[in-house]
Structures are given as structure tokens and as C-alpha cells.
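What follows is calculated from the coordinates using simple rules that are stated; it is not laboratory data. These numbers were taken from a predicted model, which means no experiment stands behind them. Here Cβ is always computed from backbone atoms with ideal geometry, including for glycine, and neighbour counts include all displayed protein chains.
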Amino acid sequence: MDKVFSSNIKTVHQLLVNGRITSTELINTSLLKAKKFKKFNAFITLTENEAKKKSEESLMRYVAKQPLSQLDGIPIAIKDNFCTSNIRTTCASQMLKNFTPTYDATVYERLINSGAILIGKSNLDQFAMGSGTVDSIFGPAKNHWGHEASDDFYISGGSSGGSAISVATGTCFAAIGSDTGGSTRNPASYCGLIGLKPTYGLVSRFGLIPLVNSMDVPGILTRNVDDCTLILNSIAGFDIKDSTSLKQTFTKIRLPPASKLNIKNLKIGIPCEYHCENLDKEILETWNEIAKLLEQGGAIIKEVSMPHTEYSIVCYSILNQCEVASNMTRYDGVEYGFRAKENSSTEKLFATSRSLGFNEVVRNRILTGNYFLLARNYENYFNQALKVRRLILEDFDRVWEDVQVVLTPTTLTTAPLYKEFVQNTNRDQCALQDYCTQPANMAGVPAITLPIKLSLQGMPISLQIMGRNLSEPMLLALAKYLENAVQFQHNINP
Ligand code: GLN
């Protein structure tokens, strides 16, 4: 089974079709792996019984020789901020610890309709706020790379760290994360995975518990580009339940074999503003090496400028906090989630439920967001940040006149050690860790991260490719070209 779990989904599907393995064996092994790797804390809830039941149904479909989706019987994980009916959805928070939705997120519904099998809901930073998966009431999700690091461990990244670990340890083949400022790409980068943030609106947000509505997008984590494409093909496309969902029809992406991919004359930009002060030396070197490799392959490498990049993180943070302040008002201890034992007044019930139900990070963002939104501050903060967001968007628009994609680091460093990471505040960490990822969310453009090699310390180093809206076919093709060139070795048996 080890060999099966290191293959891609298409190969596993063939094995299922030929009857060499069965869906039940596949799911049982996946569940065993989830238990074996419990120490990494990837899952909040394992959906064991349901998964076993579904695997028997899938087996029947294969036995009946029906035409099936390649995802039929494939084990997947979903971040615990996507609603799943009859399966609790906690957002890793006290507030929603016992919340069981009555409906399904569209992304989940589409995957299940393709026959994919959910084995569990994965760990995250509370309400997806963070870059570490260190702020979960269920404890941190740990990176499986370098996990023997004495009394400490490397963080998995966040906020979709549990999703990343579930795929990186080969427990499942794909996982869904969410990406508001980098939460899919950041853990993908730290754990050595492919992480795709699709174009805003291409994949429905319905049923994704909102963080920043104007930036949230479901993200995909896999070990290879073909699997990522397959998942995107299953979840993308218009959804009437999401008013920000793009109306045009989505054409399924078909990638040629790696040997047929040609990058001759592809114009690739290297934005000089991403050479920032805290960029690790090894990451910088890797970035240069890959630019050279692409040039040798026939691409045209051009230095480009995106002058507003340095203001992006500050504006992201202001807009994030404003939308958080507004989104979180729904949690009042009455309608949803946790209710404090407090009955002296309605106001006290609200206040106590919210102060006990949210962690410090969430409370801070609500407080700051409300401050920015005060009538006297609104113009200076919220509106100003929106204006700068427009300039960031224009930086992207201008760059597409010169090049087709841009190549940047994904994160400024490899995964930090837990103790180092939590010494700083979450806010400082986000300012550092999201530097290269959040501009794509501010502009709404697609971005993909892929692992290149291991650092001298044995931790994955990854790079990011961004393109114009709906350029997923090109991003995936280029990522596949690079994946083939660098041959990154996964570590599914830590
Ligand atoms: N680290 C960022 C934040 O805390 C990104 C979060 C995300 O993408 N969900 O806001």
C-alpha cells in the first residue's frame, strides 16, 4: 500500500478500476495512517464510520463497472472551517467547538459527488487567523519534516496546517484549505506541497466560514500538480449560492505530459520588490537558480517592478481586521455556538460569550477592526486601505503588459521552530510570513506554490508563481514543468 499512497490519483484510480486494490482497502489504510500520525495533530475530527460506509459504496460502483470520476474512492481531508452537514465544524475555536452545520459547503458537496471520501476535518488556526496552525484549541499541527528536532518541532504553517500535514504524510491524496492571505500556500510551502490559490470567485465560498469575504478562496493542497488539477476540475465553476462566484463556464483543464510541456518564449517576471529585507539567503539562491533553469528552458526572464508591494501587508491587515470585526458579530452566544453561563443581562451574555469563546488573536482583530471603522477613523484607515488596494491591483495589471507570470518566493524562510515562532506575536508573524502571499489575495489573482528542494537543515524550500485572473491552466502547466525539472522527493513515511 505504501507504493499506492505515493502514486498520483490517476494511477490509483486505474488500480481501483482493475480491481488490484479496493476502495475499502484504500480508506482503511488511510484511516490507519491518520491514527499512526496522530502525533502531528493534523485532524480535529476523524470521520471514520462515514468514510468506511462510503468506501463500501464506492467499491460497489467499481464492481458494477460504472464509468466513474477519477476521484471515486480517493481519501481527502477538509479544513475545519468548511461546513459539513452532520459533522461538527469547529474553526478550531471554543466558540464553535460543538457546532454541527445542517448544510454542506459547495466545495465539499462537489468532491463528495465526484466520489471522493472525506476521512477527516483538519486542524487550523482559530477562524483561519494565523500563519502557523499554532492557535488551535486542539493544539498545534506539527510539521513532519525535521520532527525529531529534540524538545521542539517545526510548525506546519497556517492556517491550513492540518490539511497540509494530512497530505504530506500520505494520509490522504488531497486536502482543501482556505486562502485569505496565504493560508493554503504558506503551509504548502513549509510542508513541501503543491498549494493552489485559485482566482477569486472561481471556486465557490458557499459554506466556507468567512474570514475576509473580499479575499477568501478555497485552496487546494496535493503532492503533485496533476492531482491539484484534478481537484480544481471537480470544484471550480459557477455556484448560484455564492454571489461572488464567477458566471462564465469553467472549462476543465487538461495538462499534457511533462515531456510535452514547452516554455519557449514564456515571459516570466521577477518583481524586484519581493527581494525584501527578511528573505532567507537559501531561498534567495533557490529563486535565482530556478530563474536560470527556466531561462535555459527557453523562457524569457525579465526584472519587473510592482512598487506598491511593500504597502500591501499593512493594507491587508487593516482590511482583514475591518471585515473580521463585521463577520464576527454573528457570534453572540444566542444564535450560534458557545454560550456563557451568564444571565444577568443580554449585554453581559454577549460580552462574556464572546470573550470566552474567542482567543486573543480573534478578540484583538475585532477590537482593532472596530476602531478602524469608527466614523472618525473610517476615512483614514478603511477607505485609505481600499485605495492602496486599488494601486496594488494596478501593479498587477501593469505587470501583465510585460510578462505572463511572475516568479517569487512563497515564504521568506523555511518552517520556523515552534518556540521561536510563538515568541513573537501573531501579528508580527503574519507581517513576516504573509509578505509574498497576500498581494495575490488583495488583487484576486491566482497563485501556486511548489516545493523545489530541501534546505541545508532538511526543510522544504518553495517558490510561488502568480498569473493574471483565470490563468490557472498556464500556472499549472508551468508548475508541472518545474515539478518535473526539480524532482522534489516527498516524505510520506516520516
Ligand atoms: N496569516 C493571514 C492572516 O492571519 C492569512 C490567513 C488566511 O489566509 N486564512 O490573516
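Dividing the helix sum by the residues of the chain, where each DSSP H run of 4 or more adds -39500 (n - 2.57), gives a mean residue ellipticity at 222 nm of -11500 deg cm²/dmol. Only helices reaching 24 angstrom along their own axis (Cα) with mean Kyte-Doolittle hydropathy no lower than -1.0 count here, and for the DSSP H runs of the chain these are 309-327.
Pairs from the list 453/480; 10/79; 264/453 with a Cα-Cα gap above 20 Å: 10/79; 264/453. Once every Cα of the stretch 5-97 carries one equal point scatterer and solvent is ignored, give the base-10 log of I(q)/I(0) from the Debye formula at q = 0.10, 0.19, 0.23 Å⁻¹, two decimals. Log10 of I(q)/I(0), two decimals: -0.31, -0.95, -1.19.
Entry for the stretch 192-235 at q = 0.16, 0.18, 0.23 Å⁻¹: log10 I(q)/I(0) = -0.43, -0.53, -0.80, Debye formula applied to identical alpha-carbon scatterers, no solvent contribution. Positive-end ranking of 313, 83, 421 along the dipole of the chain, with charges on Cβ about the Cα centre, is headed by 83. With contacts taken as Cα pairs under 8 Å and at least 6 residues apart, the stretch 396-470 reaches a relative contact order of 43 percent.
Positive-end ranking of 371, 384, 352 along the dipole of the stretch 337-393, with charges on Cβ about the Cα centre, is headed by 384. Computed from the Cβ-Cβ distance with R0 of 51 Å, the FRET efficiency linking residue 244 to residue 18 stands at 0.75.
For residue 281, the shell of other residues with beta-carbons less than 15 Å away shows a net charge of -4, using +1 for Lys and Arg and -1 for Asp and Glu.
Please report, to one decimal in angstroms, the Kirkwood hydrodynamic radius of the stretch 327-405 built from all distinct Cα-Cα pairs. Kirkwood hydrodynamic radius for the stretch 327-405: 15.6 Å. Measuring between their Cα centroids, the stretch 431-494 and the stretch 269-287 lie 14 Å from each other. Here the Karplus relation 6.51 cos²θ - 1.76 cosθ + 1.60, evaluated at θ = phi - 60°, turns the backbone of the stretch 71-84 into coupling constants of 8, 4, x, 7, x, 10, 10, 10, 4, 7, 10, 9, 5, 9 Hz, with x for every Gly and Pro.
Ordering 403, 361, 433 by Cα displacement along the dipole of the stretch 300-451 toward the positive end leaves 361 in first place; charges were set at the Cβ atoms of Lys, Arg (+1) and Asp, Glu (-1). Residues of the stretch 198-221 with an amide N closer than 17 Å to a point placed 7 Å from the Cα of residue 53 along the Cα-to-Cβ direction: none. Among 63, 4, 399, sorting on how many other beta-carbon atoms sit within 10 Å of each Cβ, with the fewest leading, yields 63, 4, 399. Here the gap between residue 151 and residue 344, fully extended at 0.36 nm per residue and compared with their Cα-Cα distance, gives a gain of 64.8 nm.
For the peptides 383-392, 322-331, 186-195, 275-284, residues were scored by their other Cβ atoms within 10 Å and the scores averaged per peptide; the highest-first order is 186-195, 322-331, 383-392, 275-284. Relative contact order, percent, of the stretch 174-299 when contacts are C-alpha pairs under 8 Å separated by at least 6 residues? After rounding, I find 22 percent. Taken about its Cα centre, the stretch 395-474 carries a charge dipole of roughly 280 debye when the Cβ of each Lys and Arg holds +1 and the Cβ of each Asp and Glu holds -1. With Cα atoms defining each centre, the stretch 126-146 and the stretch 212-248 are spaced 23 Å apart in the structure.
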